[in-house]
């Protein structure tokens, strides 16, 4: 007679071995690297794409932001529901493969709508990656260690952004020296089109690596036992997720709204920084890629781990809202440098301001991501994270580049005055984001206390 294996209670189930957990973080970081490489390469190629496809600032801003965010409107929540009940590593692996292929297809776009639809396809990567990855992280590390783990994870985010500039600048420079490449049905490819083909390849390798990581036990569930590896967890109905979020609106409301505004800043500014250097200082794409890429990979990592450690230090001293406090402090420190960078009289001073701003904002990346996972039950993490990423992408990523373009086109009235659009965007939105996040500190601290009963 077969003997059944009893379920392991969430509180007594051992955490994964550190080697397994940190190996998974390394693969997650690689996934973020190719994600942001595929996503961010467009920012560097704005000017040649605009020229060759005859696009306006407003049109290219829609391709950079809104097109990418469209996918969330259709399939973001269904994919998140799968992440709460099915194999999370498979969901991420398949998503990475799809968005890598769609990135390559951007290289065959011949007009605005073809490029727009390809960028919609690239959005599948974030829709699959975010909810499943953060759900697994919260099941791989105890809450006290989660900010540091997410800080390490975001090395992938940082190196992805940096690589998109370094590799993009290098590839565009090298491809421009090669003889023209001609494909059947497509014709002769321009350098920016070849760049899309090249950067789409690494994601297929990373997608295969997801078969080598563990699928951890699902922990921190308000209802039911932990879900063991290899067993399917029951999906929480959407109405229950919505009810929980509404009951905790004093926590989630400021968190979602404040971080959405910071995303408008982050991606709006990043989207237009290469164009700013071209229009203001007459730099080449290669110069911009190498300089901005080095700034990101050198200065941002200096803030990632100390930010997570600062949150842990505050938590040990009794601050239940430690993650949010560090997030707000990082945003306030970042603001003056980010306002200053487009107003500097020289490219050197502008880059110096960008470097200092990058260090400050990186300080809060780990804590702000840990903040959401800490107060969300395990069986809802995928769907709540998807709801956050919906706001994050539709409002933040979707509108960031367009808001800057609207300032340029309709307020200042000239593409040459992009610098004032960038400074104005930061001056208006950064203080508003800090105030909104601060308004939810007390409610967030109470939610952290309540969440300890789920462990």
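The values are calculated or read from the model by the stated rules, or taken from the named source; none is laboratory data. Since this is a predicted model, take the numbers as computed values, not measurements. Cβ placement follows ideal geometry from the backbone for every residue including glycine, while neighbour counts extend to all protein chains displayed.
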- Go through (1) surrounded by fewer than 23 Cβ atoms within 10 Å (Cβ to Cβ); (2) in contact (Cβ under 8 Å) with a residue 40 or more places away in the chain one by one and return the number of the condition residue 329 breaks. (2)
- Hey, residue 101 more than 30 Å from residue 290 (Cβ to Cβ) and modelled with pLDDT of 75 or more or not: no
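So that you can scan it fast, the table gives a plain yes or no per residue for (1) under 16 Å from the mean Cα position of the chain (by Cα); (2) at pLDDT 75 or above:
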{"position": "117", "(1), (2)": "no, yes"}
{"position": "148", "(1), (2)": "no, no"}
{"position": "154", "(1), (2)": "yes, no"}
{"position": "170", "(1), (2)": "no, yes"}
- Message: Cβ-Cβ under 7 Å, sequence separation 6+ or interchain: first residue in region 59-71 and at positive phi and buried (at least 24 other Cβ atoms within 10 Å of the Cβ), partner modelled with pLDDT under 85 and part of a helix (DSSP H, G or I). Which pairs?
- Response: none
- Query: Which of the residues spanning region 380-406 are surrounded by fewer than 24 Cβ atoms within 10 Å (Cβ to Cβ) and under 17 Å from residue 274 (Cα atoms)?
  - Reply: 402, 403
- Message: Any residue in region 13-41 that is on the phi > 0 side of the Ramachandran plot and surrounded by 22 or more Cβ atoms within 10 Å (Cβ to Cβ) sitting within a Cβ distance under 9 Å of a residue that is assigned to a helix (DSSP H, G or I) and modelled with pLDDT under 80? List the pairs, counting only those 6 or more apart or interchain.
- Response: none
- Unique match (being at pLDDT 85 or above, crowded, with 18+ Cβ neighbours inside 10 Å, closer than 25 Å to residue 287 by Cβ and touching a helix residue (DSSP H, G or I) at 6+ places or on another chain (Cβ under 6 Å)) among 433, 340: 340
- Output the residues belonging to region 176-199 that are assigned to a helix (DSSP H, G or I) and at pLDDT below 75. 176
- Could you check how many residues of region 269-313 are more than 21 Å from residue 161 (Cα to Cα) and either buried (at least 18 other Cβ atoms within 10 Å of the Cβ) or touching a residue at least 60 places away in the same chain (Cβ under 8 Å) (or both)? 7
- Query: Does residue 300 satisfy the criteria of being in a helix (DSSP H, G or I), modelled with pLDDT of 85 or more and more than 22 Å from the chain's Cα centre (by Cα)?
  - Reply: no
- Item | Every residue from region 379-424 that is part of a helix (DSSP H, G or I) and free of Cβ contacts under 8 Å to residues at least 24 places away in the same chain | 407, 410, 411, 412, 417, 424
- Residues that are within 17 Å of the chain's Cα centre (by Cα) and at pLDDT 85 or above, drawn from region 11-29: 25, 26, 27, 28
- List every residue pair whose Cβ atoms sit under 7 Å apart, with the two residues 6 or more apart in sequence or on different chains, where the first one lies in region 128-155 and is closer than 12 Å to residue 25 by Cβ and the second, anywhere, is at pLDDT 80 or above and not in a helix (DSSP H, G or I). 136/216; 140/16; 140/216; 149/141
- Task: Working carefully through the options 239, 219, 232, find the one that is farther than 21 Å from residue 339 by Cα, touching a helix residue (DSSP H, G or I) at 6+ places or on another chain (Cβ under 7 Å) and at pLDDT below 85.
- Result: 219
- Note on the structure: residue 84 vs (1) buried (at least 21 other Cβ atoms within 10 Å of the Cβ); (2) within 26 Å of residue 146 (Cα to Cα); (3) at pLDDT 85 or above: all pass except (3)
- Item | Unique match (being under 30 Å from residue 277 (Cβ atoms) and under 25 Å from the mean Cα position of the chain (by Cα)) among 433, 438 | 433
